[in-house]
Amino acid sequence: MDKEKIDLLGDNHVATSVDTPMLATAFDKSDDEKIENIQFHFGKIMEELGLDLTDDSLSGTPYRFAKMYVKELFYGLDPKNKPKLSVFENKYGYQKMLVEQNITIDSSCEHHFLPITGHAHIAYVPKDRVVGLSKINRLVDYYAHRPQVQERLSLQILKDLQSVLKTDDVIVMISAKHLCVSSRGIKDKDSFTTTLEYGGCFEEETKRKEFFNIVQKK
């Protein structure tokens with residue numbers, strides 16, 4: 001791919017699939033091996049930038065960077081870190097909308113590896129199952145902690161909740177700021193991006209309006 005196409009793809013934030021693009025060998029190495037390799041290569045990047053890694057302040061940066069990438073920012077790449085979504089029988093027979101809002105989004109753009117920060121608002125209408133409220137937050141956090149585009153993140157959360165709850169009646173709304181917009185390129189400090197994915201009863205405009213009214217009163 002030439003440089004012009006690379007820049008175009010990054011600026012458009014195109015998602016190629018609902019699934020995060022992963023190598024078949026993604027988990028052949030241990031976390032410690034990945035940290036060691038990333039530490040070495042990021043040290044070389046710092047040297048190319050002309051930084052002196054013998055300086056006390058910089059000497060530990062390659063390791064800290066590598067550990068942050070593997071253990072913190074991108075822990076959501078590893079399926080073993082996926083939270084178990086405990087579901088319960090809907091014994092109350094609750095059939096109205098249940099909304100979990102202002103869920104923190106702390107992610108990274110896959111085109112520039114810069115932060116994406118904002119909030120998710122999620123609702124579903126239970127059938128036979130309900131899910132623990134904190135599990136929704138944990139699911140959002142899991143999918144956010146991988147290199148992302150916002151469109152894919154919205155779909156991954158939606159599809160997973162629909163599967164676990166065994167209903168299409170789920171809606172996911174994410175509003176977030178992208179540092180790749182505010183700190184580079186156009187350098188727009190105030191704009192944010194909103195994505196919306198839904199299915200089932202939320203295909204009805206009146207149901208979506210009910211959701212929007214609740215979210216706007218946050």
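The values are calculated or read from the model by the stated rules, or taken from the named source; none is laboratory data. As the structure is a prediction and not an experimental result, all values here were calculated from the model. All Cβ positions, glycine included, derive from the backbone under ideal geometry; neighbour counts span all protein chains shown. Note: areas computed on protein heavy atoms with side chains; ligands, DNA, RNA excluded. Shrake-Rupley method; radii C 1.70, N 1.55, O 1.52, S 1.80 Å.
Remark: pairs (first residue in segment 197-218, open to solvent by less than 100 Å² (accessible area, probe 1.4 Å); second residue polar (S, T, N, Q); Cβ separation under 6 Å; 6+ apart in sequence or on different chains) = Glu197/Ser154; Val215/Gln101.
Going residue by residue through segment 56-73, is there one that turns out to be surrounded by 14 or more Cβ atoms within 10 Å (Cβ to Cβ) and in contact with a strand residue (DSSP E or B) (Cβ under 7 Å, 6 or more places away or on another chain)? Yes, some residue in segment 56-73 is surrounded by 14 or more Cβ atoms within 10 Å (Cβ to Cβ) and in contact with a strand residue (DSSP E or B) (Cβ under 7 Å, 6 or more places away or on another chain).
Checked against the criterion of being touching a Cys at 6+ places or on another chain (Cβ under 7 Å) and either in a strand (DSSP E or B) or more than 30 Å from Tyr198 (Cβ to Cβ) (or both), the candidates Ile105, Ile45, Ile116 yield just one match: Ile116. Among the conditions (1) within 22 Å of Glu205 (Cα to Cα); (2) surrounded by 15 or more Cβ atoms within 10 Å (Cβ to Cβ); (3) not small (Gly, Ala, Ser), Gln95 misses just one, which is (2). Can you tell me which residues in segment 98-141 are touching a His at 6+ places or on another chain (Cβ under 6 Å) and surrounded by fewer than 15 Cβ atoms within 10 Å (Cβ to Cβ)? Answer for segment 98-141, where residues must be touching a His at 6+ places or on another chain (Cβ under 6 Å) and surrounded by fewer than 15 Cβ atoms within 10 Å (Cβ to Cβ): just Asn102. Scanning segment 28-44 for residues that are in contact with a Leu (Cβ under 8 Å, 6 or more places away or on another chain), open to solvent by 70 Å² or more (accessible area, probe 1.4 Å) and modelled with pLDDT of 95 or more turns up nothing. Annotation: of all residues in segment 97-150 being at pLDDT 95 or above and of a type in the set (Ser, Thr, Tyr), the one that is nearest to Phe212 (Cα to Cα) is Tyr124.
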